[in-house]
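**Q** Below: one structure in structure tokens.
The values are calculated or read from the model by the stated rules, or taken from the named source; none is laboratory data. Since this is a predicted model, take the numbers as computed values, not measurements. Heads up, the Cβs are rebuilt from the backbone with ideal geometry, glycines too, and the neighbour counts pull from every protein chain shown.
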């Protein structure tokens, strides 16, 4: 690997204990120790891409999605084949019957019976039983592992998180301060990392917006505490609750303009490089979801299996641009015309993540 401090190419024996044997300086990550693709130079390149060369601040969650080395998601699958406890008695019975035919006949019938017995026996070995499997997903490294690397090994080596990266752990206190004196819009965000990103970059006060962070299950109830009829910009994951949030808000608050700036399911469901995650399959009425949210049958079926995609995985420069444009559209929209201004399709959301440089050691791809 390359030393991130002196750029010397180091052999495994020259980097014991995360200390370069040439410059004697400590570094944070070693792909041989912390996993393929986990390397200081690569993390710095990811940070530079996410922050738009230092223009923005980003969260650890956003950095985790950007620097992931592997990810996968799979749909539910029914059981395949015949259970072993049933398969072998059936196979042996069929083979025995064919061998009896072989013994009692001659010529072509005997030959076909013998061949049939062999085929049945071989087929039973090459068609194994596969149990039913639910939908699932994984990301490498895991979020917990990545956070420990950033708040542990990285801070131990450099004294702080990478420049431009802020900690958004759940126990981290949220910065507080006076809201805008004359707010003109409400930004309703259902994702913790995205809300932390907006606060870290002072986007709400700059746009004269009230930022409201709420869990998606209760997000529609939070507007009760916001006086006035300020328009609302909704930020959410591509999930079944996210898809329903803006339509339900329009029904419950007909006096407010509601702009859906969340991540649409259609933008990520079939997009290569997008982050797909799976939670326990929600108990939803697919017909109601199609009728209320206006989703296609394919998108609805995808959500019904528990699939979703996080808005925190969207490249931060794109996310900031979408929020700014959505706010400007919301303040000029009338309640009855607001749905027409929703971001029904997003630009390329997998951009940086899809072509991430996942080099762990020199010349070794980490994907």
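**Q** So is residue 267 assigned to a helix (DSSP H, G or I) and without any contact (Cβ under 8 Å) to a residue 24 or more places away in the chain or not?
**A** no
**Q** I need the full set of residues from the range 19-40 which are buried (at least 17 other Cβ atoms within 10 Å of the Cβ) and in a helix (DSSP H, G or I), in order please. Step through it out loud before you land on a result.
**A** The initial filter retains those residues of the range 19-40 that are buried (at least 17 other Cβ atoms within 10 Å of the Cβ), namely 20, 27-31, 34-40.
Hits for the range 19-40 are 31, 34, 40.
**Q** Does the range 253-274 include one or more residues that are surrounded by fewer than 16 Cβ atoms within 10 Å (Cβ to Cβ) and farther than 25 Å from residue 180 by Cα?
**A** Yes, the range 253-274 has at least one match.
**Q** If you don't mind, another one. Go through (1) surrounded by 22 or more Cβ atoms within 10 Å (Cβ to Cβ); (2) closer than 22 Å to residue 217 by Cα one by one and return the number of the condition residue 304 breaks.
**A** Among (1) surrounded by 22 or more Cβ atoms within 10 Å (Cβ to Cβ); (2) closer than 22 Å to residue 217 by Cα, the lone unmet condition for residue 304 is (1).
**Q** If residue 239 satisfies every condition in (1) touching a helix residue (DSSP H, G or I) at 6+ places or on another chain (Cβ under 9 Å); (2) surrounded by fewer than 23 Cβ atoms within 10 Å (Cβ to Cβ) but one, which is the exception?
**A** Just one mismatch for residue 239, condition (2).
**Q** Identify all residues within the range 270-288 that are touching a strand residue (DSSP E or B) at 6+ places or on another chain (Cβ under 7 Å) and either in a helix (DSSP H, G or I) or closer than 18 Å to residue 241 by Cα (or both); write none if there are none.
**A** Of all residues in the range 270-288, those touching a strand residue (DSSP E or B) at 6+ places or on another chain (Cβ under 7 Å) come to 274-279.
If the condition is that a residue be touching a strand residue (DSSP E or B) at 6+ places or on another chain (Cβ under 7 Å) and either in a helix (DSSP H, G or I) or closer than 18 Å to residue 241 by Cα (or both), then 275, 276, 277, 278, 279 are the ones that fit.
**Q** Could I ask something else about it? With the structure loaded, tell me whether residue 102 is at pLDDT below 90, touching a helix residue (DSSP H, G or I) at 6+ places or on another chain (Cβ under 8 Å) and not in a loop (DSSP other than H, G, I, E, B) or whether it fails that test.
**A** Values: at pLDDT below 90: yes; touching a helix residue (DSSP H, G or I) at 6+ places or on another chain (Cβ under 8 Å): yes; not in a loop (DSSP other than H, G, I, E, B): yes.
So residue 102 fits the description; yes.
**Q** Let me ask something else. Of the residues that sit in the range 183-214 and are assigned to a loop (DSSP other than H, G, I, E, B) and more than 18 Å from residue 243 (Cα to Cα), which one is nearest to the chain's Cα centre (by Cα)?
**A** Here the answer is 201.
**Q** Sort through 94, 120, 60 and tell me the only one that's modelled with pLDDT of 85 or more and surrounded by 15 or more Cβ atoms within 10 Å (Cβ to Cβ).
**A** Being modelled with pLDDT of 85 or more and surrounded by 15 or more Cβ atoms within 10 Å (Cβ to Cβ) holds for just one of 94, 120, 60, which is 60.
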